[in-house]
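**Student:** Attaching a single structure in structure tokens format; questions to follow.
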Amino acid sequence: MLDLKNIPDSTAEVLKVALQMEEEGYRIYTEGSKKITNSLGKRMLERLANDELAHMKRIKEAYEALEGKRDWDRVTMQNEEPVTTFQLIFDRLKSEIQQSIEELGSHGVDDEEIIETAINLENHGKFFYAEASKKATDPKVKEFLQILAQEEESHYQALRKINSFMEDPANWFATQGKF
């Protein structure tokens with residue numbers, strides 16, 4: 001991963017690194033969603049993989065605006081889909097679930113490791129975008145990077161909740177999970 005102390009000064013380089021980070025996140029989430037056995041974790045990783053695709057598209061649009069090939073007014077600043085949250089995934093799964101509560105709480109040996117990797121990725125992305133936004137001089141670039149940082153923070157928080165759920169589903173349901 002990129003050393004967060006060395007955020008590039010060039011906006012073009014920041015966007016290049018951002019695109020590489022999102023591509024890596026997409027790969028990890030796609031692979032993880034195939035390996036994870038916990039239903040909620042699987043849905044979360046699938047949704048995050050889709051979010052990474054949306055981030056890549058938006059980063060490419062921003063790069064085109066930097067190159068003068070696109071007007072900043074035509075850059076998709078905000079994600080067009082609702083921000084991925086634990087509650088969004090939980091509610092969707094809850095409405096679709098046909099399996100038992102026991103299966104919902106099941107997880108394999110690697111599930112925690114997969115979610116921990118995802119948590120670390122999102123945390124890294126959040127700090128990268130936040131620090132890069134501090135260096136940005138163009139107000140549109142600064143706003144774009146701040147939005148990405150906020151989205152990564154939402155992903156990070158959602159994954160932490162998934163992790164908490166997977167560690168102890170019974171306690172989670174007793175304290176916060178209500179059908």
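**Student:** Restricting attention to the stretch 25-39, report how many residues are surrounded by fewer than 23 Cβ atoms within 10 Å (Cβ to Cβ), touching a residue at least 12 places away in the same chain (Cβ under 8 Å) and in a helix (DSSP H, G or I).
**Tutor:** Of the residues in the stretch 25-39, 6 are surrounded by fewer than 23 Cβ atoms within 10 Å (Cβ to Cβ), touching a residue at least 12 places away in the same chain (Cβ under 8 Å) and in a helix (DSSP H, G or I).
**Student:** I've got another one for you. Please work out which residue is modelled with the lowest pLDDT, limiting yourself to the stretch 138-147 and to residues that are surrounded by fewer than 20 Cβ atoms within 10 Å (Cβ to Cβ) and out of contact with any Phe, Trp or Tyr (no Cβ under 6 Å at 6 or more places or on another chain).
**Tutor:** 138
**Student:** I need the full set of residues from the stretch 56-104 which are closer than 16 Å to residue 147 by Cβ, of a type in the set (S, T, N, Q) and either modelled with pLDDT of 85 or more or exposed (fewer than 15 other Cβ atoms within 10 Å of the Cβ) (or both), in order please.
**Tutor:** 76, 78, listed by residue number.
**Student:** Ok, one more. Restricting attention to the stretch 130-137, does a residue exist that is in a loop (DSSP other than H, G, I, E, B) and at pLDDT 90 or above?
**Tutor:** yes
**Student:** If you go through the stretch 2-10 one residue at a time, do you hit one that is assigned to a helix (DSSP H, G or I) and modelled with pLDDT of 90 or more?
**Tutor:** Looking only at the stretch 2-10, we keep the residues that are assigned to a helix (DSSP H, G or I), and these are none.
The answer is no, given that none of the residues of the stretch 2-10 is assigned to a helix (DSSP H, G or I) and modelled with pLDDT of 90 or more.
**Student:** What is the number of the single condition among (1) farther than 23 Å from residue 57 by Cα; (2) surrounded by fewer than 17 Cβ atoms within 10 Å (Cβ to Cβ) that residue 115 does not meet?
**Tutor:** Failed condition: (2).
**Student:** Next question. Quick check, is residue 124 at pLDDT 75 or above and over 30 Å from residue 172 (Cα atoms)?
**Tutor:** When the stated conditions are applied, residue 124 does not pass them.
**Student:** I would also like to ask the following. Within the stretch 40-53, is there a residue that is part of a helix (DSSP H, G or I) and closer than 18 Å to residue 143 by Cα?
**Tutor:** no
The values are calculated or read from the model by the stated rules, or taken from the named source; none is laboratory data. Everything numeric in this text was worked out from a predicted model, so none of it was measured. Reconstructed Cβ throughout: ideal geometry from the backbone, glycine too, with neighbour counts over all protein chains shown.
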